[in-house]
Amino acid sequence: MPLALLALAVGAFGIGTTEFVIMGLLPEIAADYGVSIPTAGLLVTGYALGVVLGAPLLTVLGTKVSRKRMLMLLMGLFVVGNVLSAAAPSFGTMLAGRVVASLAHGAFFGIGSVVAAELVAPDKKAGAIATMFTGLTVANIVGVPLGTYIGQAVGWRITFVIVAALGLAGMAGIARLVPEQPRPEGARLRRELTAFRNPQVLLAMAMTVLGFGGVFAAITYIAPMMTQVAGYSDGAVTWLLVLFGVGMFLGNLLGGRFADRRLMPLLYTTLGGLALVLALFTLTAHNKVLAAITVVLVGALGFATVPPLQKRVLDQAHGAPTLASAVNIGAFNLGNALAAWLGGTVITAGFGYTAPNWVGALLAAAALVLAVWSAALERRTAKAPTAATAPSPTPVPVHH
């Protein structure tokens, strides 16, 4: 794998840290600004929605410059957002900083996926994408717990200063290691939009929303579920999140390894397994050991869908992959926002802290149905030209 992928992974590490560390620091931030925990939760929702909006917007703007330069500009925007968050005098300014940082997220992973895939041979594309996403998964093992600990011990503002420094390191790595690729010929908005006429691209994005949404339905409420139902202490939640990160890391490796070989069978297995494990989570959440094992499995099965779904979009949007790739990253976050809202709704309705697991199981099952439908549609389309050309053996008149 090219060294340039390391630079992309460093950027992904910084982005992953800032996205997820907020969950562990909500009580401190809420207390500092004098707002409620649900109000502070807007920092999570605002970030997710910023990714959804920023992904297509900045990717369209990025068609006017080289991909390397755009990746560096996105890292610069990410640094500005985190510095603004660290220095924010009011909750409104903090929210604005989160949104600014989030605008870089979708376009970075979208453009980064295309760059990573172009750095390697065709049969190594999913592995290259997975290598970049390794930064995001390692962030959940190292960056998030460390950032949470520093934020609780020294002050949450220091955490965001450190994240901004990570962004600078990512920018320097991209400048040094990522080769200068010429701006793609014909990289125009109209051409990029043609990818969305392909129903397979839209189906892959819908799978992304529902499949990864299933993960977030459960994980967003892991703290109350583990403390109130499983009986863990508040301090143990950080280590449970580390286990979730380990699962994500393993799942990412699995997805990257097998997506280049058997993409659709991998999706059937991971989405079906995720639906089953999330359904069982309503039972295993009542036992400490089983709950911890389930957290790892949810992370592994959930993130094993990321490389294949991202590669599926790139494959189906051939010729105009950049915008579709970035929008698919936005789809992951749309799924996060939707699932977190649905999970909160069933808790508010009085179904208990394990109820979001059922929501997640249903979302993952719906994604599996779409995957089967997508494959059936693809088989039908592949047969269509054969059927069309079958009646052609009509005798050709021979002229003497």
Point to revise | Test: ALA116 is touching a residue at least 60 places away in the same chain (Cβ under 8 Å) and on the phi < 0 side of the Ramachandran plot | key: yes
Review point. Could you say which residue among VAL209, VAL138, VAL161 is open to solvent by less than 30 Å² (accessible area, probe 1.4 Å), touching a helix residue (DSSP H, G or I) at 6+ places or on another chain (Cβ under 9 Å), in a helix (DSSP H, G or I) and touching a residue at least 40 places away in the same chain (Cβ under 8 Å)?
Key: VAL209
**Study point:** Residue that is modelled with the highest pLDDT [pool: residues in the stretch 224-235 that are surrounded by fewer than 16 Cβ atoms within 10 Å (Cβ to Cβ) and part of a helix (DSSP H, G or I)]
**Key:** GLN228
Exercise for review: Restricting attention to the stretch 81-119, report how many residues are open to solvent by 30 Å² or more (accessible area, probe 1.4 Å) and within 17 Å of PRO179 (Cβ to Cβ).
Suggested key: 2
Practice item. Determine, yes or no, whether LEU323 is open to solvent by less than 20 Å² (accessible area, probe 1.4 Å) and either closer than 15 Å to MET205 by Cβ or not hydrophobic (A, V, I, L, M, F, W, C) (or both). Key: yes
**Study point:** Conditions (1) crowded, with 24+ Cβ neighbours inside 10 Å; (2) not in a helix (DSSP H, G or I); (3) not charged (D, E, K, R): number failed by PHE351
**Key:** (1)
**Study point:** Of the criteria (1) open to solvent by 20 Å² or more (accessible area, probe 1.4 Å); (2) assigned to a helix (DSSP H, G or I), which one HIS286 fails
**Key:** (2)
**Study point:** Sole residue being touching a residue at least 40 places away in the same chain (Cβ under 8 Å), under 21 Å from the mean Cα position of the chain (by Cα) and assigned to a helix (DSSP H, G or I), chosen from GLY302, GLY273
**Key:** GLY302
Review point. Would you say ASN333 is out of contact with any strand residue (DSSP E or B) (no Cβ under 7 Å at 6 or more places or on another chain), more than 20 Å from VAL115 (Cβ to Cβ) and open to solvent by less than 10 Å² (accessible area, probe 1.4 Å)?
Key: yes
Revision key, fill the gap. Selection from the stretch 328-383 of residues of a type in the set (D, E, K, R) and in contact with a helix residue (DSSP H, G or I) (Cβ under 7 Å, 6 or more places away or on another chain) yields GLU378
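The values are calculated or read from the model by the stated rules, or taken from the named source; none is laboratory data. Please read all numbers here as calculations on a predicted model, not as lab measurements. All Cβ positions, glycine included, derive from the backbone under ideal geometry; neighbour counts span all protein chains shown. Heavy atoms of the whole protein, side chains included, go into the accessibility calculation; ligands, DNA and RNA do not. Shrake-Rupley method; radii C 1.70, N 1.55, O 1.52, S 1.80 Å.
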